[in-house]
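Trainee: After the structure tokens below, expect a handful of questions from me.
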Amino acid sequence: MKNKQLWMLTLCLVLSSTMLFAQSHKTGNTVVEIKNEQFYVNGKPTYEGRVWKGNKIEGLLINSRMVQGIFDDLNPDTRQLFKYPDTNTWDPDRNTDEFVAAMDEWKKYGLNSFTINLQGGSPTGYGNKAWVNSAFHPDGELRTDFMKRLQKILNKADDLNMVVMLGIFYFGQDQYLDDEKAVINAVKNSVNWVLQEGYRNILIEVNNECDVNAYDHEILKPARVHELIDLVKSMEHKGNRLLASTSYKGNTAPKPNVVKSSDYILIHGNGVKTTEMMEKLIKATREVEGYRPMPVVINEDDHYDFEKERNNFTVAIENYVSWGLFDYRRDGESFEEGYQSVPVDWGINSERKRGFFNLVKEVTGGKY
């Protein structure tokens, strides 16, 4: 009798812990919406009431390009390019686990958003070579291991009330999809997965820099990419859909077809070498045919000068535009540098990273 009671007690404890684990990973804790030019999270504007140096911060997404969170190289000939310095091997699960472990610190500084991509970005900064990093099989079906790693990140973001800009395609990897049918299949599978998993904190970036010449599929290029934005917007699950846009290369205003279809606008600051150029780009973006009150987000800029009174970050804020860091490891720099170069140190352990996050804290009133 005692053994039976002990067994029942043990079973109850196991079931209870299982239920608690399941509840801790229940999605839908964070819901992102757009109202005119502002982002709302759980019914309130982001950074509610926050003003910095007379500039409204409320409603913005202060973000960073963290696109390699689920990276893996499926090409055995190049995989060793990305080995960790301490183990002399590459480990995709370590990469994701360390990403997740760093997210609390990012949030404490005031970061409320980041970009991740199902096909990553160039893991050596600029330029593309022979590595294969894609969450898709050639026919557009999802790779289970990539999506399991993504799930870890999205669960954590959902718990932290962070907004994720989820990119689907990258111009260094879209060539590994068979044809246009596979591209469309990849979009449908990605969006359905997000919706069915119950995430409500996701903004879709169809592809990174649609206007670079490296894309292989016509539907991913400027003249037709709005078709995929419209496809994303047309898909619903339990009455919910995802907000969608796409980005252009640095210092480029989007085309009218994309502005008309998008829920929010993405521009890049690469090549925007002065604050005057930044102001000009923002002004030009808001003058594109089809523009109406909607958020403008810079989710990639490799200009820093965070110690100066005015820089691309602060000028974006002055013009009520969200801003995002793009940091990669330059030749000869140490492992701690850069968030795009693989392997990645996801901590805040370099001068550039500290400069950015200290300014994020100042601008947002972060609690770190």
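The values are calculated or read from the model by the stated rules, or taken from the named source; none is laboratory data. None of these values were measured; they are calculated from a predicted model. Methodologically, a virtual Cβ is constructed for each residue, glycine included, from the backbone with ideal geometry; neighbour enumeration extends over all protein chains shown. Ligands, DNA and RNA are stripped out before the accessible areas are found, and what is left, the full protein with its side chains, is counted by its heavy atoms. Shrake-Rupley method; radii C 1.70, N 1.55, O 1.52, S 1.80 Å.
Trainee: Please work out the C-alpha center-to-center distance from segment 117-145 to segment 64-113 and express it in whole Å.
Mentor: 14 Å
Trainee: Hey, what number do you get for the chain at 222 nm if only DSSP H runs of n ≥ 4 count, each worth -39500 (n - 2.57), divided across all residues, to the nearest 500? Each step should come with its number before you reach the end.
Mentor: Working: 9 runs with 125 residues, N = 368.
Taken over the chain, the calculation gives -11000 deg cm²/dmol.
Trainee: Among Ser350, Ala214, Met294, whose Cα sits farthest toward the positive end of the charge dipole of the chain (+1 at Cβ of Lys/Arg, -1 at Cβ of Asp/Glu, about the Cα centre)?
Mentor: In the chain, that residue is Met294.
Trainee: Give me the 1.4 Å probe accessible area per residue for segment 289-346, excluding ligands and nucleic acids, in Å².
Mentor: Numbers: 1980 Å² over 58 residues.
Here the per-residue accessible area is 34 Å².
Trainee: Ok, one more. Return one number: the angle in degrees, 0 to 90 and rounded to the nearest 10, between the long axis of the Cα atoms of helix 2-24 and the longest principal axis of the Cα atoms of the chain.
Mentor: 10 degrees
Trainee: What number comes out for accessible area per residue over segment 179-234 if the probe is 1.4 Å? Units Å², please. Don't skip to the end; give the middle numbers.
Mentor: Details: 2050 Å² over 56 residues.
Here the per-residue accessible area is 37 Å².
Trainee: How much length is gained if the chain between Arg354 and Tyr176 is pulled fully straight, taking 0.36 nm per residue apart and subtracting their Cα-Cα distance, in nm to one decimal? Write down the numbers at each step before the final one.
Mentor: Numbers: separation 178, 0.36 × 178 = 64.08 nm, distance 3.65 nm.
Roughly 60.4 nm would be gained on extension.
Trainee: Sticking with this structure for a sec: How high is the FRET efficiency between Thr87 and Asp331 when r is their beta carbon distance and R₀ equals 25 Å, given to the nearest 0.05? Please report the intermediate quantities before stating the final value.
Mentor: Numbers: r = 23 Å, r/R0 = 0.91.
Step by step, r from the Cβ atoms, then E = 0.65.
Trainee: From the residues Gly140, Pro123, Trp323, which one has its Cα farthest along the dipole of the chain in the positive direction, the dipole being from +1 and -1 charges on Cβ of Lys/Arg and Asp/Glu about the Cα centre?
Mentor: Trp323
Trainee: Which whole-Hz couplings ³J(HN,Hα) result when phi for each residue of segment 76-91 is put into the Karplus expression 6.51 cos²θ - 1.76 cosθ + 1.60, θ = phi - 60°, listed in order with x for Gly and Pro?
Mentor: Going residue by residue, I get x, 6, 10, 3, 6, 4, 10, 5, 6, x, 8, 10, 6, 8, 9, 9 Hz, with x marking Gly and Pro.
Trainee: Report in % the part of the accessible area of segment 229-368 that belongs to carbon and sulfur, leaving out ligands and nucleic acids; probe 1.4 Å.
Mentor: On the way: 2550 of 5560 Å².
The value for segment 229-368 is 46 percent carbon and sulfur by accessible area.
Trainee: Also, quick follow-up: Please report the spacing between the Cα centers of segment 292-335 and segment 189-209 in Å, no decimals.
Mentor: 24 Å
Trainee: Over the chain, what is the relative contact order in percent, taking alpha-carbon pairs closer than 8 angstrom and at least six residues apart? Provide the component values of the computation, followed by the final result.
Mentor: Working: 751 pairs, mean separation 70.5, N = 368.
Computed over the chain, the figure is 19 percent.
Trainee: Oh, and also: Just subtract the alpha-carbon distance of Asp77 and Arg224 from 0.36 nm times their residue separation and send over the number in nm, one decimal. Mind showing how you got there, number by number?
Mentor: Values: separation 147, 0.36 × 147 = 52.92 nm, distance 3.45 nm.
My answer for the length gained is 49.5 nm.
Trainee: Springs between alpha-carbon atoms under 10 Å, Gaussian network over the chain: tell me which of Gln173, Gln151, Gln196 tops the mean-square fluctuations.
Mentor: Result for the chain, Cα springs under 10 Å: Gln196 fluctuates most.
Trainee: To continue, here is another question. Check Ser122: other-chain or 5+ apart residues with amide H under 5 Å from its amide H, H built from backbone geometry?
Mentor: Amide H neighbours of Ser122: none.
Trainee: Convert each backbone phi in segment 37-48 into a coupling constant with the Karplus relation 6.51 cos²θ - 1.76 cosθ + 1.60 (shift: θ = phi - 60°), then list the ³J(HN,Hα) values in order as whole Hz, x for Gly and Pro.
Mentor: 8, 10, 8, 10, 10, 6, x, 10, x, 4, 6, 3
Trainee: Let me ask something else. Hey, what do the phi angles of segment 335-348 turn into as Karplus ³J(HN,Hα) couplings, whole Hz, using 6.51/-1.76/1.60 and θ = phi - 60°, x for Gly and Pro?
Mentor: The phi angles translate into 3, 5, 7, x, 9, 9, 6, 9, x, 10, 8, 7, x, 9 Hz.
Trainee: Shifting gears a bit: With +1 assigned to the C-beta of every Lys and Arg and -1 to the C-beta of every Asp and Glu, and no other charges, what is the dipole magnitude of segment 135-219 about the Cα centre in debye, to the nearest 20? Provide the component values of the computation, followed by the final result.
Mentor: Working: 8 positive and 15 negative charges, 117 e Å.
Roughly 560 debye for segment 135-219.
Trainee: How far is helix 144-160 tilted off the main Cα axis of the chain, in degrees rounded to 10, range 0 to 90?
Mentor: 80 degrees
Trainee: Counting only protein heavy atoms and a 1.4 Å probe, tell me what percentage of segment 44-146's accessible area is made up of carbon and sulfur.
Mentor: 49 percent
Trainee: Hey, got the dipole for the chain? About the Cα centre, +1 on K and R Cβ, -1 on D and E Cβ, debye to the nearest 20? Display every interim value, and only then the final one.
Mentor: Values: 45 positive and 52 negative charges, 257 e Å.
Approximately 1240 debye in magnitude.
Trainee: For segment 28-158, with every protein chain kept in place, what is the accessible area per residue (1.4 Å probe, Å²)?
Mentor: Details: 5110 Å² over 131 residues.
With all protein chains present, segment 28-158 gives 39 Å² per residue.
Trainee: Collect residues whose amide H, placed 1.01 Å from N in the peptide plane, falls under 5 Å from the amide H of Tyr264; neighbours closer than 5 in sequence don't count.
Mentor: Ala244
Trainee: Given the pairs Lys273/Lys308; Lys221/Lys249; Lys53/Lys308; Lys107/Lys156; Lys249/Lys280; Lys107/Lys238, which are separated by over 22 angstrom at their Cα positions?
Mentor: Details: Lys273/Lys308 14 Å; Lys221/Lys249 12 Å; Lys53/Lys308 14 Å; Lys107/Lys156 11 Å; Lys249/Lys280 16 Å; Lys107/Lys238 30 Å.
Beyond 22 Å between Cα atoms: Lys107/Lys238.
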